[in-house]
Structure formats: structure tokens, C-alpha cells
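Asker: Take this structure first; my questions come after.
The values are calculated or read from the model by the stated rules, or taken from the named source; none is laboratory data. Every value quoted in this text rests on a predicted model; they were computed, and no experiment measured them. Note that we place each Cβ from the backbone using ideal geometry, even for glycine, and neighbour counts take in every protein chain shown.
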């Protein structure tokens, strides 16, 4: 059974290259997502502040909020990228993160080599990568281009390769930073169909998005973040669409 559980989780991110005085002046002219602390001798942004959350099989959570609210930080915390500065995090089940599909892509390597490299970044072993590679190559539709360095690819071809790799794995828990799509009209249709199959077969979905239609269509819960804190966590209801 899949499970994600946060209990009072806070994430503190140190900021290097700024002294407190200069950063205060910058903050005075901008809006920051988290709270900034200057009193320890090190400038620290509290990107998440006391987040508690429990997700089980069947939960489809939409995460909403203004830019800098902490949506991507929450996804990275759930993915295990950021260890909690405070609080506890528990995960049961396999997890696939689509936060950054381009992560691990090496521009001077070929398409085939990048399938292997990106698979290793995703935590797959060599046997699994070898088993998945033919399906990845076929779905990408890149043909002989897979034997060429990806620096020769167009932006659309590169995204098709990355999408084909990251969506080749099924897991109990799926993390999405916006809905993935890629390529021309024909490929986008196939990509959208693949995404729907993945979502339908995953136990837990966490989707960070700015799209109210996406939340309504894909999620049964919605969490609103504001400056790194939970502003609301409720079932998806029409009245919550007033956020937008």
C-alpha cells in the first residue's frame, strides 16, 4: 500500500553570496515565497514551514499557490531531494518524479546513451534499463536520430526523448510539476494518452499546477500553499476555484 506522510516538516535553504543587508534590500523590492531569517549569521530561506500531510492509495492531490508559494519545494521534499530541516517524512511504495524531465540529459551523448544515463538518474538498474530501452526508443519516434548526439536535436525532439524516458516507469507514487506534454500534435496526443494511463495506474498522485481545469479533472483533494505554509487542504470543490 502506497503512503506519503509529512509531520510538521520545514525546509530551510541557505542562501550563499549575499550578506544580510544586501538581501534585505532585495527582499524589500520583491515578494519572496518563504520566510527569510538573518539572525544566525547565515541567510536562510524557510521554503516550507510546518507542513503536515498524509496521502494513501487513491489520493489525487492538486497543489496550488502563487509563484514561490513552495509547490516545487514540496514535490522535491516528497521525492527525497530535500531532507526535512524539522519534522518527519515517511514514504511507502516506489516513487517516480516528473519534476524535471531534462535532469540527467547529457548533450554530447547520443539518444541511446541518454536513455541509459537518465535511467540511472531515476534509480533504475542496468537490467531494467536494457529491458525498457526498445519501448522507449519506439515511443520517442526518433529512429536513427537516437544514434546521434542530442545536441543535434531540436527542442521538440529533445523533449520527446526526455518524455519517453521518464514515462517508461510505473510506480506506486507519481509526482508531477504541471502536466507533461511534448512534441508535435501527433506526439502530444500519444503523450497525453500515456500520461492518463500512468495516472490511472498509480496509487498516489501529487500534481503541482496553476490550472484549475487540471485540478478539477485529475484530483480529489487540493492543497493551497502560501509562503511555504498550508493555507488549505480540502476535497476539490467548486468554491475552491475562487483561488484563481
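Asker: Within segment 203-224, is there a residue that is surrounded by fewer than 16 Cβ atoms within 10 Å (Cβ to Cβ) and closer than 29 Å to residue 134 by Cβ?
Answerer: No, segment 203-224 contains no residue that is surrounded by fewer than 16 Cβ atoms within 10 Å (Cβ to Cβ) and closer than 29 Å to residue 134 by Cβ.
Asker: Could I ask something else about it? Does residue 104 fit the bill of being closer than 22 Å to residue 174 by Cβ, over 15 Å from the mean Cα position of the chain (by Cα) and part of a loop (DSSP other than H, G, I, E, B)?
Answerer: No.
Asker: Tell me which residues, restricted to segment 45-82, are without any contact (Cβ under 8 Å) to a residue 60 or more places away in the chain and closer than 23 Å to residue 166 by Cα.
Answerer: Across segment 45-82, the qualifying residues are 76, 80, 81.
Asker: Please find, within segment 206-235, the residue that is modelled with the highest pLDDT out of those that are more than 21 Å from residue 67 (Cα to Cα) and not in a helix (DSSP H, G or I).
Answerer: The selected residue is 220.
Asker: Residue 102: touching a residue at least 24 places away in the same chain (Cβ under 8 Å), surrounded by fewer than 21 Cβ atoms within 10 Å (Cβ to Cβ) and farther than 27 Å from residue 1 by Cα, yes or no?
Answerer: yes
Asker: Here is a follow-up. Identify, from the list 96, 81, the residue that is in contact with a strand residue (DSSP E or B) (Cβ under 9 Å, 6 or more places away or on another chain), at pLDDT below 95 and part of a strand (DSSP E or B).
Answerer: 96
Asker: Collect the residues in segment 55-74 that are surrounded by fewer than 22 Cβ atoms within 10 Å (Cβ to Cβ) and under 17 Å from residue 99 (Cα atoms), keeping them in residue-number order.
Answerer: Selection gives 60, 67, 68, 72.
Asker: Also, I was wondering about something else. So which of 235, 134 ends up being surrounded by fewer than 12 Cβ atoms within 10 Å (Cβ to Cβ) and either within 25 Å of residue 103 (Cβ to Cβ) or in contact with a helix residue (DSSP H, G or I) (Cβ under 7 Å, 6 or more places away or on another chain) (or both)? If you could, list the steps in order and put the result at the bottom.
Answerer: Details: 235 fails: either within 25 Å of residue 103 (Cβ to Cβ) or in contact with a helix residue (DSSP H, G or I) (Cβ under 7 Å, 6 or more places away or on another chain) (or both).
Answer to the selection: 134.
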